Structures are given as C-alpha cells and as structure tokens.
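Rule-based calculations on the coordinates, nothing more; no lab input. Since the model is a prediction, treat every value here as computed from it, not as a measurement. For neighbour counting, all protein chains shown are included, and Cβ atoms are generated from backbone atoms with ideal geometry for every residue, glycine included.
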Amino acid sequence: MTDEELFDQARATNFAYKAAVADVQLRILDGDWDLTGYGDSPDPCGEDGYTFDLTRRTPEGWRIDGTPMEAADRIATWLDENGWTSVEARGYSGEIADVVVEAKYPAKHVDLLVIDISPGELFDSTTIYATSTCQPGDYLDIVKKQIPGFADYHPIELKSNRATEHPTAPLSFGYNDDGTPRYWDGEIQ
C-alpha cells in the first residue's frame, strides 16, 4: 500500500467512526459540544497498526432530560436499535450518581464507545469517549501526510483552535500548508 493509499484509508476510517459518534451525540444534544480530543491524530496499536480516539463533552449549563439512568436507558435502546453491539448501561453503587453506557460498532470502525452521564448541582455533563478499530498501517506514515513538513523534521505550526463543534460540522483530517485544518467537502466513504 502506498503512503497516499494509507492516508486515504485512514481518512475513510476516521470519517466513518466520527460520523457514527456524531449520530450518538445528536441523540443527546443537537448543539455544540466541547472538544477535548478532536480525534484525527493516529496512535499506534497492535504490531503495525493505528487507531484514533476522540472526546466530546456537553457544554456548561446543559441539563439531562430525566435521571441519568433514564437517559442511559434511552441511549442504550437507540444504540441497540441502530446497529451498535455489546451495548451495556450500568450505574454505580453507593453515592456515585454517574451512569455509563458502552457499545461497539465495528462496521463503522468504532471499537469502543463510552458515554459517561453525570448529574450536577448547577449543570449536568455527558462525556463521550470513542476509540476506533485498530487498522493496519504505520501511524507515523499517516502523520507525515497529515502535517506538512513533518516528514522533513520541520512540521508547520498548527492553527486549529476548535474548542466546540456541532456533530454535523464538516469533518477535517490533516492540515493545509498554512496550518489550518484540511476539510474534505463532507466526503465519507
């Protein structure tokens, strides 16, 4: 596989898993989410593979519709009805009010989705963590194609300051020569 083919494969994997997670986000909040980890930087996995991970959090001031367990049950039911597997919702014993929902969607390259629903006095919070499936290929070869100058040990300065994003926002993968995120006109393969 050429470096360009690997990059295209990584972008397709990345867009598929982000789109699957975005569908889940919309079931919780159809609005802007805080970005803790955008999810397009590959990490090594297995003997010679790469994976992605992302983190999204509801904004300050957001409130759960019902109790955390009711919200978790609604989300778990939707996941189960929409192709997700290994769906599990669980609470904790004692004074911990958080509820966690976990699921997988290998066909959409989601190895693990974790939704942490946490009630609060002033506002509630839901955090979504997602890890993509491990794909064959060297993660550094992908980074070399994502960041201009990285292969020559002179990477450009990245100018991505995204703090929030709506689940339906255009997807980016890699960077342009000026350091801005590279968008792909909504291509999801």
(request) Would you mind ranking Thr131, Thr85, Thr2 so that the residue whose beta carbon has the fewest other beta carbons within 10 Å leads the list? (result) Thr2, Thr85, Thr131
(request) Determine the calculated [θ] at 222 nm for the chain from helices alone, applying -39500 (n - 2.57) to every DSSP H run no shorter than 4 residues and normalising by the residue count; nearest 500 deg cm²/dmol. (result) -8500 deg cm²/dmol
(message) Restricting everything to alpha-carbon atoms, can you work out Rg to Rh for the chain with a Kirkwood hydrodynamic radius?
(response) 1.00
(request) Based on other C-beta atoms within 10 Å, arrange His109, His166, His154 from fewest to most. (result) His154, His166, His109
(message) Which one, Ala130, Ser41, Gly149, is farthest towards the positive end of the dipole of segment 3-179 when Lys and Arg carry +1 and Asp and Glu -1 on their Cβ?
(response) Ala130
(request) Please return the longest stretch of the chain lacking exposed loop sites, where chymotrypsin sites (Phe, Trp or Tyr not before Pro) count only if DSSP places them in a loop and at most 12 other Cβ atoms lie within 10 Å. (result) 1-91
(message) Quick check: residue separation of Asn82 and Ala19 times 0.36 nm, minus the Cα distance between them. What number comes out in nm?
(response) 21.4 nm
(message) Students often forget the sequence filter, so: which aspartates and glutamates lie under 13 Å Cα-Cα from Lys159 once same-chain residues fewer than 8 apart are removed?
(response) Asp177, Asp178
(request) Mind giving me the nanometre distance, one decimal, between the label points for Thr180 and Thr55, set 7 Å out from Cα along Cα→Cβ? (result) 2.8
(request) Note down the magnitude of the dipole of the chain about its Cα centre, charges +1 on Lys and Arg C-beta and -1 on Asp and Glu C-beta and zero elsewhere, to the nearest 20 debye. (result) 220
(message) For a quick check: sort Asp80, Asp30, Asp53 by the number of other beta carbons within 10 angstrom, fewest at the front.
(response) Asp30, Asp80, Asp53
(request) Would you list, by chain and number, the lysines whose Cα falls below 18 Å from the Cα of Lys108, excluding same-chain residues fewer than 8 positions away? (result) Lys18
